[in-house]
Amino acid sequence: MHRQIAGRLTGPVTKWIVLVAVIVIAGGLGSFAGKLIDVQNNETESWLPESAESTKAFEKLEAFQDPYDVGTTVVYYREDGLTDADLAAIEEHAGEIAKLDGVSDVLTPAAAQAAGVPAPFVSEDGKVAKLEFTLNFGDKLWEELPDLKPEIDEIIAIDGVESYLAGAGGQSADAATIFSSGDANLLLITLGVVILILLVTYRSPILWLLPIISAVVGLGASMGLLYFLAKHTGLTVNGQTQFILTVLVIGAGTDYALLLVARYREELRRHEDRHEAMAFALHRAAPAILASAATVVVGLLCLLFADLNSTAGMGPANAIGIAVTFVVMVTLLPALLVIFGRWVFWPFVPHFGTTEPTASGLWAKVGRGIAPRPRIVWVGTAAALAVLCLGFLRLDTSGIPSDEQYTQDQDSVTGQTILVEHGLVDASTPIQVVANADEAGRVVAAMEGVDGIAAPVEVASKDGIALIVAELRSDPYSDAAFDAVEDVRSAVHAVPGADALTTGMSAVTVDIMEASARDNKVIIPIVLGAVLLILIGLLRSVLSPVLLIGTVILSFGAALGISGLVFDLLYGREHTDPGFPLFAFVFLVALGIDYNIFLMTRVREEAAVHGTRRGSLIALSSTGGVITSAGLVLAATFAMLGTMPMTFTLQLGTTVALGVLLDTMIVRSVLVTALNLDLGGRIWWPSRLDRGEDAADEPPAAEEVKVPALD
């Protein structure tokens, strides 16, 4: 039945129908891919769960301020002290900035002094001054900022004075600028690396083009579909989701292509008609590709159980990308391959009747090396991976401070650092408390004893609710700021009848950290359970899936352990985002299990004919090269996240790349193969493959390890 369906997809006539249908549908969706950035929601507040204190406070804040108001600070610094001319220029800058669309409430040092603002706008040493204003572009802030920032930078320039756009608006401007240009650059760099790997793998000047075309079509269709879902269904898509989607789809799509092309090349040696060869290749390879894609999709959909909206939104968005890519890879790519014919493999064309070269290749030799003492091999390998896991103790998941958030200098970070070092506060990121107006005085009194904040001020009262604001004396992303938030919350919650709620940028970050910690504990077991059920259904076994899950967990731990050392000793950035372990886990488990699926489905296929031990060696020799190539592609694509100038992407890309390499080079080829050889048919317990196999089955000789003909 499956073979008939595969044959119909790639027949002499139907291949053209499939080609046209995919191009029309995917092309239509892909035409909207560029609009995905228009429906992104990158506001920090949108990432929060409804249960967070900051979320509840935002609802009451709407009575006092426009939710789209973003406080922004310009920082001026002269090493030998600002001159009167410098201060006069700052006053002139205020007038020019006030003329810009979306700008209001401009406040200069002179205006602040005249208004009696208690917080200084010029540092005591006279080296630093600040200018404040409010930005409001509604929900189009992230679209406007990449063009607005250069305009403001030009206005605030003074000869001999360093000037930086900082505060909440400056931080958003830097992030928006990175996201606006980073995704296109990331795609080009990723494609370049993948093309290079495919050229080396296929050693063909033409063949690499078909997987790349198919992967790009899959990415475009995915982004177009996500645009409609984000626009009409409320699906949350942000910049983080989009650039992860880029590397995930290109990497996974190329992996699927490698597996299919390898099986097609095998079948071309057995079948004279290329359409028949593709029918057999799809029949054999598509179930493994489907199982792989399903594992990734289910793993990502488990993120829907996350409290953090950004995490919950990333799951379905990337799951949709994988699902669309799977469809493209089992329709468009096979059609292209049979349309182009055998010559596309030139100069190494797989002619009918020739011998499959993997029978005596590197991985066949690896298998024969493991076979004599498999138990010693898997015990030793597992022990080595366990030792590597200890490096995890060097990871600090308490959050990334401002000065470590980017891998390149950013104006907002530099400006914030200068403010803190010279004793000025950033009024754009205060602690905000909303409370019952009748108890506002007692709330203010309770806050006055908290370290790390300026004197609290009741700003306004409306409809029985009071807004109280206190400026932070530290970096809003520092441990000192987080401690201040916790202390303020403890103080105001103790005021009877106040119903006080605390928010602000630092409070939002604290809530995100708490939600991330909860998600780590809840979602990781859910993902493991879901993947285990998929493996049980695929392999029709219990023992084998349990062991495979164990090997992937061990690989994940080792990847985190190595990463802990790399982040600290090599990158000098030991702090990680609280959600980092969860993201790394989901991608590594979902993607890492792929290679075990590719291997074990082939082992099961061969075990039915040759027994588990012989089948394991045949499967390793047959799939070793393609799985290694697939692992290199996926590792390289995720490593390209390091080209984005953000610490989070650098760390995530590094860990996933390390984990994938461990999976392909060590776990799948050595650890899993050694377990198969040691346990033999027992690996399939309780299925029928476990019955009747000779436990003393010897590994085959070199000349026997070859791919058998298929019925």
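Since every read-out is calculated from the coordinates, none of them should be taken as a lab result. Remember, it's a predicted structure, so these values are computed and weren't measured experimentally. Cβ: placed from backbone, ideal geometry, glycine included. Neighbour counts: every protein chain shown.
Distance between the 7 Å Cα→Cβ label points at Thr233 and Arg203: 4.6 nm. Residue separation of Val546 and Trp685 scaled by 0.36 nm, minus their Cα-Cα distance, works out to 48.9 nm of gained length.
Listed by chain and number, the lysines whose alpha-carbon sits under 30 Å from that of Lys127, ignoring those within fewer than 8 places in the same chain, are Lys99, Lys149.
Centroid-to-centroid, using Cα positions, the range 237-253 and the range 496-533 are 24 Å apart. Taking Cα centre as origin and charging only the Cβ of basic (Lys, Arg, +1) and acidic (Asp, Glu, -1) residues, the dipole magnitude of the chain rounds to 5680 debye. Here the peptides 301-312, 672-683, 223-234 are ranked by packing, the mean other Cβ count within 10 Å, and the order with the highest first is 672-683, 301-312, 223-234. Here Lys521 is the anchor, and the aspartates and glutamates within straight C-alpha reach of less than 14 Å, apart from those fewer than 8 places off in the same chain, are Asp307. Scoring 144-151, 623-630, 11-18 by mean Cβ neighbours within 10 Å over their residues and listing the highest first yields 623-630, 144-151, 11-18. Note on Lys35: aspartates and glutamates with a C-alpha under 12 Å away, same-chain residues under 8 apart excluded, are Glu143. When only Cα pairs below 8 angstrom with a gap of at least 6 residues are kept, the chain shows a relative contact order of 18 percent. Here the Karplus curve 6.51 cos²θ - 1.76 cosθ + 1.60, taken at θ = phi - 60°, turns the phi angles of the range 443-450 into couplings of 5, 4, 4, 5, 6, 5, x, 8 Hz, with x standing for Gly and Pro. 3J(HN,Hα) couplings calculated from phi for the range 634-640 with the Karplus curve 6.51 cos²θ - 1.76 cosθ + 1.60 (θ = phi - 60°) are, in sequence order, 5, 4, 5, 5, 5, 4, 5 Hz; Gly and Pro show x.
DSSP finds beta bridges in the chain, and of those with both partners inside it, around 95 percent are antiparallel. Each of Phe58, Phe345, Ile524 was scored by the projection of its Cα onto the charge dipole of the chain, and the greatest displacement toward the positive side belongs to Phe345; charges sit on the C-beta of Lys, Arg, Asp and Glu.
Think of the chain as a dipole: +1 on every Lys or Arg Cβ, -1 on every Asp or Glu Cβ, centred on the Cα centre; then among Leu650, Gln432, Gly680, Gly680 lies furthest on the positive end. Can you tell which of Thr246, Val327, Phe587 lies farthest toward the positive end of the dipole of the chain, using +1 and -1 charges on the Cβ of basic and acidic side chains (Lys, Arg; Asp, Glu)? Highest projection toward the positive end goes to Val327. Put simply, the Cα atoms of the range 379-469 extend 69, 32, 24 Å along their principal axes, the longest span coming first. When peptides 546-553, 250-257 are ranked by their average number of other Cβ atoms within 10 Å per residue, the highest-first order is 250-257, 546-553. Near Phe345, within a Cβ-to-Cβ distance under 13 Å, what is the net charge of the other residues, with Lys and Arg +1 and Asp and Glu -1? Charge balance near Phe345 sits at +3. What you get for the range 430-503, charging only the Cβ of Lys and Arg (+1) and of Asp and Glu (-1), is a dipole of about 160 debye around the Cα centre. For the range 523-612, a Kirkwood hydrodynamic radius built from all Cα pairs, placed in the Stokes-Einstein relation at 4 °C and 1.567 mPa s, yields a translational diffusion coefficient of 89 µm²/s. Remark: the range 69-175 projects, on average over all directions, an area of 6.6 nm² (convex hull of Cα atoms). One decimal place: the segment Glu92-Asp66 gains 6.7 nm when fully extended, by the rule 0.36 nm per residue minus the C-alpha distance. Around the amide H of Thr407, modelled in the peptide plane, lie the amide H atoms of Met646, Thr647, all under 5 Å away and 5 or more residues distant in sequence or on another chain. Of all DSSP beta bridges confined to the range 430-503, the antiparallel ones make up roughly 100%. Near the amide H of Ala460, within less than 5 Å, lie the amide hydrogens of Leu467, all on another chain or at least 5 residues away, with H placed in the peptide plane.
Taking label positions 7 Å along the Cα-Cβ direction at both Ala119 and His275, the computed distance is 7.4 nm, reported to one decimal.
Each residue, Leu100 and Ser490, gets one label point 7 Å from its Cα in the Cβ direction; the gap between the two is 4.0 nm. Where only DSSP H runs of four or more residues are counted, the chain gives -20000 deg cm²/dmol as its mean residue ellipticity at 222 nm, each run worth -39500 (n - 2.57).
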